1. Per the 1.4 Å probe, what fraction of the accessible area of the chain, in percent, lies on carbon and sulfur atoms?
2. If I fit a long axis through the Cα atoms of helix 131-141 and take the longest principal axis of the Cα atoms of the chain, what angle between them do I get, 0 to 90°, rounded to 10?
3. Compute the length gained on full extension between T54 and W23: take 0.36 nm times their separation in residues and subtract their Cα-Cα distance, giving the result in nm to one decimal.
4. Count charges around K201 for me, please; just the other residues with Cβ under 14 Å from its Cβ, Lys/Arg as +1, Asp/Glu as -1.
5. Could you tell me the relative contact order of the stretch 60-216? Use alpha-carbon pairs under 8 Å, at least six residues apart, and round to a whole percent.
6. Under a Cβ-only charge scheme (Lys and Arg +1, Asp and Glu -1), can you give me the dipole magnitude of the chain about the Cα centre, in debye to the nearest 20?
7. What spacing in nm lies between the two simple spin-label points modelled at A33 and T163, each 7 Å away from Cα in the Cβ direction?
8. Could you check the simple spin-label distance between L172 and R194, using points 7 Å along Cα→Cβ, in nm with one decimal?
Amino acid sequence: MSDYISRLRNLLEQHSDEKTADWSYAYMKEQFAFFGIKAPLRNALFKQFFVENTPPQYSELSDLVWTLWLEPEREFQYFAIELLVKYKKQWTEDIIELFEKMIVHKSWWDSVDYISSSLISLYFKQFPHQIKPITEGWIDTGNMWLQRVCLIFQLSYRQKTDTELMFKYICLLNHSKEFFIQKAIGWALRQHARTDADSVKNFVENTSLAPISKREAMKHIS
């Protein structure tokens, strides 16, 4: 495991850029260190690494991912998410425990939204019976980031969106003063409006939403 991460670190260090790293550090509110590798190159390097290195066994995956998550540079967290995607066909129901731990540690919008779109969304498609028990539990935790995921994990579901659940969670969280919750409410509604503009418009007109939520929801509705 340590050799695997060392090889990854060596690859990323070879392509580090101090100027980009400083900009990224500032952009992320000085919370995370960066190698400073822009997304197109970073994705290419990850792809190269996957080709050139023997993948770990699934039994080793959780420990490896968590070790990557604890590394200081943010690119390691991005890599950990991509590594998990590689094993999606082998996921078992209990992998959600790891996903949850990732959401609530080193939390910021970049990792949380990345996990939501690349992991949580797919997980719930594979294990749909887990949607309500897991998300209801996350809503009850009071953790802003878990609650945000409950609002946005269906962004790519389109016609398969559980609108009743989406509207329910929006109503439960509607009085939150957290920017990332208010923004997520608007984002979820705006995205669903692409599929069913009438239901979103009706919901917005009959629900007292925060200004930012309403503005985002109605952005593409005439």
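1. Answer for the chain is 49 percent, counting heavy atoms of protein chains only.
2. For helix 131-141, the angle is close to 90 degrees.
3. 7.8 nm
4. Residues close to K201 contribute a combined charge of +1.
5. Relative CO of the stretch 60-216 lands at 17 percent.
6. 820
7. In this crude spin-label approximation the distance works out to 4.9 nm.
8. Result for the modelled spin labels: 2.6 nm.
The values are calculated or read from the model by the stated rules, or taken from the named source; none is laboratory data. None of these values were measured; they are calculated from a predicted model. Neighbour counts are summed over all protein chains in view; Cβ atoms, including those assigned to glycine, are modelled from backbone coordinates with ideal geometry. Calculation scope for accessible area: heavy atoms of the full protein, side chains included, ligands and nucleic acids excluded. Shrake-Rupley method; radii C 1.70, N 1.55, O 1.52, S 1.80 Å.
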